[in-house]
Each structure stands twice: as C-alpha cells, then as structure tokens.
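Just below is one structure, and these are the notes that go with it.
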Amino acid sequence: MAKWLLERLFDAKDQAVPRFAFQGTIYWMRALAEIVNTGSCSDKVLKETYSKVKRRPSNKDADTFVFENMFMAYHNLASLNSINENVVSLYDTCRSAIVSWYYAVYFSSSAMVAASSGSVQETHAATARVWQDDIVKRKLIPYPFDLYLPSLVTQKVDNEIAAYRKSNPYDLSNYPQDTEQAHGAVVSYLKGTAKYKKWEIEERIKSSSEFKKLSVKDFRKKVARELRDKSLDKGQVNFLIQAFRYRGKANYRDSIFLSYGDNNEDKIKQFSKDLQDVTSAFLRAASFYSSKRVEKSAWNEFVTDIENNSRLSIDVDVIKI
C-alpha cells in the first residue's frame with residue numbers, strides 16, 4: 001500500500017525510517033521494563049541501595065520542592081495508569097504516554113536533586129547534569145538507571161561501553177525476551193545517545209568563531225580534533241539525558257513512526273504497559289531516597305496528605321515507604 005504522507009516527508013526532509021525509529025523506541029522501553037520487572041528495583045534492592053543514606057540538615061524550602069515534584073511525578077504515573085486501564089486504542093495515546101513517562105522521570109529526578117543538595121535547576125539539561133553528580137556518581141540510583149558516560153570523547157565512550165557490554169552480543173535490533181537481551185539493548189541505547197550528543201557538540205563547534213579561525217572544514221586535522229575533544233570531554237550521558245532525547249524523538253523529530261504504517265498493535269499494548277512499569281520503578285526509587293533525606297516524619301505526613309486529598313485515581317503504594 002502506498003504511503004502518501006511518508007513519501008512527502010522523505011521528499012521534504014531527513015526523515016527517519018519508521019521501522020528503525022519504531023524499533024529503537026519500543027525495544028529500549030521493553031528492555032528497561034524487562035529489567036525492572038525482574039527485581040532490579042525491588043523494595044529489597046532499594047532498601048539496600050539507600051541503607052547508608054543519612055538525613056540532611058533541615059531545609060524546609062528544599063523539602064517543599066521535593067514534595068511538589070514527587071506529586072507531579074505521581075500525577076504523571078496516574079495518567080499512565082488511566083491510559084492502560086481505560087483507553088480502547090493505545091495507538092491513540094502512545095505519544096502522550098511517552099510525555100507522561102518523561103515528566104514522571106524528570107520530576108522524580110528533580111525531587112532527588114532537591115533532596116540531595118537542596119538545589120533547584122532552571123532547565124532540564126541543568127537538572128540532568130546535577131542529577132549525575134548528586135545521584136548517579138554516588139551510586140544512589142539502581143540498575144538500569146545507573147548507566148552513564150562521564151565523557152563523550154570517542155575512545156573513552158568505547159571503553160565505557162565495552163565495560164558495560166562485556167561479551168553481551170545483543171542490541172536494539174532484537175526485541176528483548178530476557179534480561180541478557182535487555183542489557184544489550186540498554187547499552188546500545190546509551191551508545192546511540194552518546195553518538196547523538198557528540199554530533200550535537202560537533203555541529204555547535206563548527207559554527208563557533210574559534211573553529212572558523214582554524215580554516216578547516218572538519219575534524220581531520222589534529223588542531224581541530226583537540227578543539228572538539230576539549231568540549232566532548234565535558235559532555236556526558238545518563239538516564240535523564242536519554243529520557244530527554246527519547247521524548248524529543250517521539251514528539252518532534254520522528255513524527256509518524258508510532259502510529260502510521262505497519263500494524264504493531266500487540267507491541268504498542270506492551271509498550272504502554274512498559275512505560276507504566278518503568279515509571280513506577282523510577283518513582284519508587286526516588287521515593288525511597290527522598291524519604292531518607294527530608295525532615296524526619298515529613299515523608300509519612302506527605303503520603304498521608306496525598307492519600308486523603310489527592311483526586312487522582314491511583315493509590316499511594318508507590319510512594320509509601
């Protein structure tokens with residue numbers, strides 16, 4: 001069957017091939033869900049992960065920001081829950097579900113940062129940087145959310161990816177059926193995001209006055225590579241950065257791949273459930289950590305208040321410690 005809209009998009013711009021865009025989107029979330037659903041974020045694991053976290057000095061304003069952001073994350077989880085329980089055609093909501101998933105992750109991360117240092121970031125990118133320093137590097141988030149790259153210099157990325165991958169042969173071309181395949185997929189998405197972020201930095205450097213003064217067109221010459229690698233070494237990739245890229249691909253760059261062309265109804269149904277499962281795991285981890293950092297007894301007061309006053313349809317089990 002002819003695909004009129006897709007053909008127009010290919011003629012007009014650098015359009016992603018729907019099949020590959022679909023695989024990258026669906027398979028990564030399937031991999032994350034496969035891992036969290038086999039116990040990587042169980043209460044037992046979370047209790048051990050946060051067993052040595054100490055309460056920070058009283059900071060009422062920071063605590064308030066923690067509670068506000070956790071409620072916003074909780075609200076987005078409620079949205080995913082309603083989608084999965086009440087929507088007849090999940091094709092209709094799959095793009096909106098990704099947005100709810102992203103903001104649940106983002107607000108949870110913002111809460112963790114505020115619980116850690118009391119800081120409030122003004123942009124998503126700044127939140128991702130601080131979250132890596134305050135949470136990821138201190139091993140305060142469980143697998144698979146803990147994978148990160150501290151540099152975007154090619155050799156350093158290759159070394160980190162090899163250490164994560166070991167002998168695992170799987171990538172995003174396989175629909176994950178077990179945790180081994182899932183691990184290969186999440187490492188591949190990490191590598192792909194690093195490649196994308198490297199491209200972003202290279203494009204920005206090419207338009208800089210410093211690069212233009214070198215009178216070069218690319219990075220083949222040593223002087224150009226040194227200029228590039230100085231910026232790449234400051235780059236990074238973590239789960240929150242991957243999530244931001246993921247939301248962008250679904251909403252902006254890859255406009256039609258989720259709901260156009262081949263019928264993948266079964267995978268879309270599983271995808272919607274996977275978004276909810278991954279959100280629940282991430283929110284649960286953020287709840288465990290934040291409850292250990294805010295003023296003593298305040299977390300229980302927060303949960304009780306939500307239980308009594310929230311008009312959302314889900315219960316408070318996911319944030320109840």
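The values are calculated or read from the model by the stated rules, or taken from the named source; none is laboratory data. Owing to the predicted nature of the structure, the values given are computational and were not obtained by experimental measurement. Positions of Cβ are backbone-derived with ideal geometry, glycine not excepted, and every protein chain shown enters the neighbour counts.
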Open item on the list: Yes or no: the range 279-295 includes at least one residue that is surrounded by fewer than 18 Cβ atoms within 10 Å (Cβ to Cβ) and modelled with pLDDT of 95 or more.
Closed with: yes
TODO: Find all pairs meeting these conditions: Cβ atoms under 6 angstrom apart; at least six residues apart or on different chains; first residue within the range 172-190 and farther than 16 Å from ILE161 by Cβ; second residue of a type in the set (Lys, Arg) and at pLDDT 95 or above.
DONE: PRO176/ARG30
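Looking only at residues that are of a type in the set (Ser, Thr, Tyr), more than 22 Å from the chain's Cα centre (by Cα) and under 19 Å from VAL113 (Cβ atoms) in the range 34-78, which one is modelled with the highest pLDDT?
The qualifying residue modelled with the highest pLDDT is THR64.
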TODO: Pairs only if they're at least six apart or on different chains, beta carbon under 8 angstrom, first in the range 211-231 and farther than 18 Å from LYS195 by Cα and of a type in the set (Gly, Ala, Ser), second in a helix (DSSP H, G or I) and at pLDDT 95 or above; list them, first residue then second.
DONE: ALA224/PHE211
Open item on the list: Please return the ranges of helices (runs of 4 or more DSSP H) entirely within the range 232-321 where 3 or more residues are within 23 Å of the chain's Cα centre (by Cα).
Closed with: 239-248, 265-293
Task: All positions within the range 155-200 that are closer than 22 Å to ARG129 by Cα and over 20 Å from the mean Cα position of the chain (by Cα) - done: GLN155, LYS156, ASP158, ASN159
TODO: Count, please, the residues in the range 121-152 that happen to be buried (at least 20 other Cβ atoms within 10 Å of the Cβ) and either among the β-branched types (Val, Ile, Thr) or not in a helix (DSSP H, G or I) (or both).
DONE: 13
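Let me confirm something: among GLU200, GLU180, GLU210, which residue is modelled with pLDDT of 95 or more, under 27 Å from TYR103 (Cα atoms), in a helix (DSSP H, G or I) and acidic (Asp, Glu)?
GLU200
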TODO: Take LEU90 and decide whether it is crowded, with 16+ Cβ neighbours inside 10 Å and not assigned by TED's automatic domain parsing to the domain that holds GLN132.
DONE: no
Open item on the list: Report every pair of residues separated by at least 6 positions or lying on different chains whose Cβ atoms are under 6 Å apart, first residue within the range 56-71 and part of a loop (DSSP other than H, G, I, E, B), second among the small types (Gly, Ala, Ser).
Closed with: ASN59/GLY118
TODO: Only residues that are of a type in the set (Val, Ile, Thr) and assigned to a helix (DSSP H, G or I): list them for the range 213-227, please.
DONE: VAL223
